[in-house]
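Novice: Following this message is one structure expressed as structure tokens.
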Amino acid sequence: MSDIEGTVSSINGPVVKGFGMGSFKAHEMVTVGQQKLIGEVVSIEGDVATVQVYEETEGLKAGEPVYSTGTPLSVTLGPGMIGNIFDGIQRPLERIQDTDGDFIPEGIGLLTLDMKKKWNVSIKVKPGDKLAAGDVYATVQETNRILHRLLVPFNAGGTVVKAYPDGEYTLNDTVVVIKKENKENANLTLCTKWPVRKPRPIKERLPLYKPLITGQRVIDSFYPIAKGGTVGLPGGFGTGKTVTQHQLAKWSDADIIVYIGCGERGNEMTDVLEEFPKLIDPRTNRPLMERTILIANTSNMPVAAREASIYTGITMAEYYRDMGYDVAIMADSTSRWAEALREISGRLEEMPAEEGYPAYLPSRLAEFYERAGCVKTLNGKEASITIIGAVSPPGGDFSEPVTENTKRFVSGFLALDKKLAYARHYPAINYLTSYSGYVDMLSDWYEENVASDMLELRHKLIVLLQEDEKLNEIVQLVGEDVLPNDQALVLETARIIKKGFLQQNALNDLDSYVTLEKQYKMLKIIDTFYEEALKCVKIGIPISVIRKEPVIQDILKIKYDIPNDKLELLDALNDNIIKTFTDLRQKYE
């Protein structure tokens, strides 16, 4: 703690002004008042500084001191983050609950990771080794699944002077001493600090080429997400944003999940906090929390900490990315984060832009989303951060500023639809207004790893759904009976696509996660049905006869009847469809 101090002159909620602060720096972390509330300098004019405080300011009064810390708002990065639950400025909620009860007391200070816990450390270097930034100097088995690699900080390369033996150490213990090029010694411990608003350095950005496999059919087959990509997930109240994000957290093939609840209602976050520790990771049969970090910053927590929460989350994600892991971030929801920006901006008396949001809303969203990407780390490993940001537009109005600006910075857009949700079609991702900018980038991967015609099939079925939408307008006016048989067949096939393929039951063990191989075979079966039935229609067989074929029910029941590992049953069903319609044509001819 530095001895530089200013004095509080005015308090407006989380925004505090102080004078005598000319020597402070913008974005510096400060402590405010006798209780030492944590805050950050937002702006300085002359010797008057504006501070946003990350705790409740009730009881703070003018004349109390503001102390400089000399460092920007930073998080402590090291073993102990995975499986933990933090607030927006990385204070561990479980530890606070054990000592202080259900509410975070003011002035508790910047608690972070457990500094007393001992970790079993394996040292990977010896005296005389030359280390560059990003090289691994020690490892810790953080959880059963995650090996925590301790990396040389980007400004501390040099020659190892001393390496301590393998054994148990706390986070602040020195394990390796390096002599830097400027002849200074640097002590490497198990943890490091990093300013949250500054992206961590990388060697280079790589083109996106492989998908984040989620096991959700509408995403993997229709609107794929690339590893390192950015996706907006907008939807009004009750359309299933949180459940969709839970599914992605549970099933996506990322190594680590960072779930940021920025300003969600308390009950929604409680659901996450109660459900996640009980979930079993399908790939390891171990608790999902062994690869998850939760940041819970609910609506009743200080509004400024909500604004900081997404930077805290992305900084933690970048730290694990630098070790070579693929990380997926679920931000739920960026609208609440934008509302925190709006509230603080109002208290700072800034000129509002559209709907009262600050004029810099687009640039702040861009700053967040641009920290995603597939990269080559400083030590040459390939790793990625994928950001999936939920947006909660009031009344489901996608023309509001947060949704509109999110659209500008994301390449995937999974629009959740109120009508689909009310019709109990889940996930309620609208198959006509959603889009993915990653289809072309991923086409080679799908050809090599799934099937050469996977994306052709996808395109063909999306065209059928678009035709179905046009035909439905006619049907509502004049009824289905007047449609010619080939158009009635389009309606029937679209019904099968929607019911048998796009609808997915998150609570059903067989349907909750579907492999890409099964998804492809399901698409193939629907395509075979359409092509074979079309041949029947062309020789004059009425659609009413085709609809009575029991094989249609078999197609609709695939998702509940055929497990991911019994794909030969799908091949048998495909043959059965061909045989059924061949027999039907022979009967008529």
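The values are calculated or read from the model by the stated rules, or taken from the named source; none is laboratory data. These numbers come from a predicted model, not from an experiment. Note that we place each Cβ from the backbone using ideal geometry, even for glycine, and neighbour counts take in every protein chain shown. These area figures cover heavy atoms from the full protein model, side chains too; ligands, DNA and RNA do not enter into them. Shrake-Rupley method; radii C 1.70, N 1.55, O 1.52, S 1.80 Å.
Novice: Hey, what's the Kirkwood Rh for segment 158-304 if you take every pair of different alpha carbons, in angstrom? If you can, show how the numbers build up before the last one.
Specialist: Working: mean 1/r = 0.0520 Å⁻¹.
Averaging 1/r across every pair of different Cα atoms and inverting gives 19.2 Å.
Novice: Right, another one. Work out, step by step, the length gained on full extension between Lys419 and Ser512: first 0.36 nm times the residue separation, then minus their alpha carbon distance; give nm to one decimal. Before the final figure, lay out each step's value.
Specialist: Numbers: separation 93, 0.36 × 93 = 33.48 nm, distance 2.21 nm.
Extra length available between Lys419 and Ser512 comes to 31.3 nm.
Novice: Can you list residues from other chains, or at least 5 along the same chain, whose modelled amide H is less than 5 Å from the amide H of Ala138?
Specialist: Under 5 Å from the amide H of Ala138: Lys124, Leu150.
Novice: Per residue, how much accessible area does segment 1-155 have with a 1.4 Å probe, in Å²?
Specialist: Numbers: 6950 Å² over 155 residues.
Roughly 45 Å² per residue, with all protein chains present.
Novice: Rounded, prolate or oblate: pick one for segment 1-102, where a ≥ b ≥ c are the square roots of the eigenvalues of its C-alpha gyration tensor, a/c under 1.5 means rounded, and failing that, prolate if a/b is larger than b/c, else oblate. Show your work: numbers first, answer last.
Specialist: Details: a/c = 2.52, a/b = 1.68, b/c = 1.50.
Prolate, since a/c reaches 1.5 and a/b exceeds b/c.
Novice: Per residue, how much accessible area does segment 200-322 have with a 1.4 Å probe, in Å²?
Specialist: On the way: 3390 Å² over 123 residues.
Result: 28 Å² of accessible area for each residue.
Novice: Something else: Listed here are the pairs Lys25/Lys193; Lys407/Lys559; Lys117/Lys381; Lys116/Lys250; Lys278/Lys499; Lys419/Lys521; which of them are more than 22 Å apart at the Cα? Before the final figure, lay out each step's value.
Specialist: Details: Lys25/Lys193 18 Å; Lys407/Lys559 32 Å; Lys117/Lys381 30 Å; Lys116/Lys250 31 Å; Lys278/Lys499 30 Å; Lys419/Lys521 29 Å.
In this structure, Lys407/Lys559; Lys117/Lys381; Lys116/Lys250; Lys278/Lys499; Lys419/Lys521 exceed 22 Å between Cα atoms.
Novice: Give me the mean projected area, in nm² to one decimal, of the convex hull enclosing the Cα positions of segment 223-307. It would help to have the intermediate numbers written out before the result.
Specialist: Working: hull surface 25.5 nm².
If I average the Cα hull's projected area over directions, I get 6.4 nm².
Novice: Would you kindly calculate the translational diffusion coefficient of the chain, applying Stokes-Einstein with the Kirkwood radius from alpha carbon pairs, for 4 °C and a viscosity of 1.567 mPa s, and quote it in µm² s⁻¹ without decimals? Show your work: numbers first, answer last.
Specialist: Details: Rh = 26.5 Å.
In µm²/s, the coefficient is 49.
Novice: Among DSSP beta bridges whose residues both lie in segment 320-479, state the antiparallel percentage, nearest 5.
Specialist: If we restrict to bridges inside segment 320-479, about 55 percent are antiparallel.
Novice: Something else now. Would you work out the Kirkwood radius for segment 301-342? I mean one over the mean of 1/r across all pairs of different Cα atoms, in Å. Working shown, then result.
Specialist: Numbers: mean 1/r = 0.0898 Å⁻¹.
Over segment 301-342, the inverse of the mean reciprocal pair distance is 11.1 Å.
Novice: Counting only C-alpha contacts under 8 Å and six or more residues apart, can you give the relative contact order of the chain as a whole percent?
Specialist: On the way: 1222 pairs, mean separation 74.3, N = 589.
Worked out over the chain, it gives 13 percent.
Novice: Only sites in a loop by DSSP and with at most 12 other Cβ atoms within 10 Å count here; which chymotrypsin sites (Phe, Trp or Tyr not before Pro) in segment 63-165 make the cut?
Specialist: Values: sites: Tyr67, Phe86, Phe103, Trp119, Tyr137, Phe154; in loops: Phe103, Phe154.
The qualifying sites are Phe103.
Novice: For the pair Lys460 and Lys548, what calculated FRET efficiency results from E = 1/(1 + (r/R0)^6), where r is the Cβ-Cβ distance and R0 = 25 Å, to the nearest 0.05? Walk me through the intermediate numbers first.
Specialist: On the way: r = 25 Å, r/R0 = 1.01.
E(calc), rounded to 0.05, equals 0.50.
Novice: Give the span of segment 288-367's Cα atoms along each principal axis, as three whole-Å numbers ordered largest to smallest.
Specialist: The principal-axis extents, from largest down, are 43, 26, 16 Å.
Novice: May I pose another question? First measure r as the distance between the Cβ atoms of Asp253 and Lys116, then evaluate 1/(1 + (r/R0)^6) with R0 = 45 Å and state the FRET efficiency to the nearest 0.05.
Specialist: Working: r = 35 Å, r/R0 = 0.78.
Efficiency, from the Cβ-Cβ distance: 0.80.
Novice: Considering the alpha-carbon set of segment 405-550 alone, what are its Rg and its Dmax in angstrom?
Specialist: So, for segment 405-550, Rg and Dmax equal 16.9, 52 Å respectively.
Novice: Please give the contour-minus-distance gain from Asn472 to Ser363: 0.36 nm per residue of separation, less the Cα-Cα distance, rounded to one decimal in nm. Please report the intermediate quantities before stating the final value.
Specialist: Numbers: separation 109, 0.36 × 109 = 39.24 nm, distance 4.11 nm.
So the chain would gain 35.1 nm between Asn472 and Ser363.
Novice: Go through segment 165-259 and name the trypsin sites (Lys or Arg not before Pro) that are in a DSSP coil and have 12 or fewer other Cβ atoms within 10 Å of their Cβ.
Specialist: Numbers: sites: Lys179, Lys180, Lys183, Lys193, Arg197, Lys203, Arg205, Arg217, Lys227, Lys241, Lys250; in loops: Lys183, Arg197, Lys203, Lys227.
Sparse-neighbourhood loop trypsin sites (Lys or Arg not before Pro): Lys183.
Novice: Right, next: Taking R0 as 35 Å, what FRET efficiency do you get between Gln586 and Ser452 from their Cβ-Cβ distance, rounded to the nearest 0.05?
Specialist: Numbers: r = 32 Å, r/R0 = 0.91.
The calculated FRET efficiency here is 0.65.
Novice: Further, regarding this structure: Alpha carbon centre of segment 521-550 versus segment 51-78: separation in Å?
Specialist: Segment 521-550 and segment 51-78 have Cα centres spaced 68 Å from each other.
Novice: Restricting to the chain, compute how many DSSP beta bridges are antiparallel as a %, nearest 5.
Specialist: In the chain, approximately 70 percent of DSSP beta bridges are antiparallel ones.
Novice: Still on this structure, please answer the following. I'd like the accessible area for Lys498, computed on protein heavy atoms only with a 1.4 Å probe and all protein chains in place. Round to 10 Å², please.
Specialist: 40
Novice: List, largest first, the extents of the alpha carbons of segment 498-589 along their principal axes, each in whole Å.
Specialist: 44, 22, 17
Novice: OK, next. Find the eigenvalues of the gyration tensor of the Cα atoms of segment 346-463, then list the square roots of 5 times those eigenvalues as equivalent ellipsoid semi-axes, largest first, in whole angstrom. Show your work: numbers first, answer last.
Specialist: Details: eigenvalues 198, 118, 22 Å².
Semi-axes from the Cα gyration tensor: 31, 24, 11 Å.
Novice: Can you list the equivalent-ellipsoid semi-axes of segment 244-387, largest first and in whole Å, using the square root of 5 times each Cα gyration tensor eigenvalue? It would help to have the intermediate numbers written out before the result.
Specialist: Numbers: eigenvalues 164, 80, 21 Å².
Working from the Cα gyration tensor, I get semi-axes of 29, 20, 10 Å.
Novice: Skip the ligands, DNA and RNA, and give the accessible area per residue of segment 500-589 with a 1.4 Å probe, whole Å².
Specialist: Values: 4320 Å² over 90 residues.
Result: 48 Å² per residue.
Novice: Given the C-alpha centroids of segment 233-299 and segment 170-185, what is the distance between them in whole angstrom?
Specialist: Cα centres, segment 233-299 to segment 170-185: 38 Å.
Novice: Could you work out how much longer the chain between Lys193 and Glu531 gets when fully extended? Use 0.36 nm per residue separation minus the Cα distance between them, nm to one decimal. Can you show the working numbers first?
Specialist: Numbers: separation 338, 0.36 × 338 = 121.68 nm, distance 6.05 nm.
Result: 115.6 nm gained on full extension.
Novice: How much of the accessible area of the chain, in percent, comes from carbon and sulfur atoms when a 1.4 Å probe is used? Intermediate values should be presented prior to the final figure.
Specialist: On the way: 12260 of 24550 Å².
In the chain, the share of accessible area belonging to carbon and sulfur is 50 percent.
Novice: What distance in nm separates the two pseudo spin-label positions at Asn505 and Thr270, each 7 Å out from Cα along the beta-carbon direction?
Specialist: Each label point is offset 7 Å from its Cα along the Cβ direction, giving 2.8 nm.
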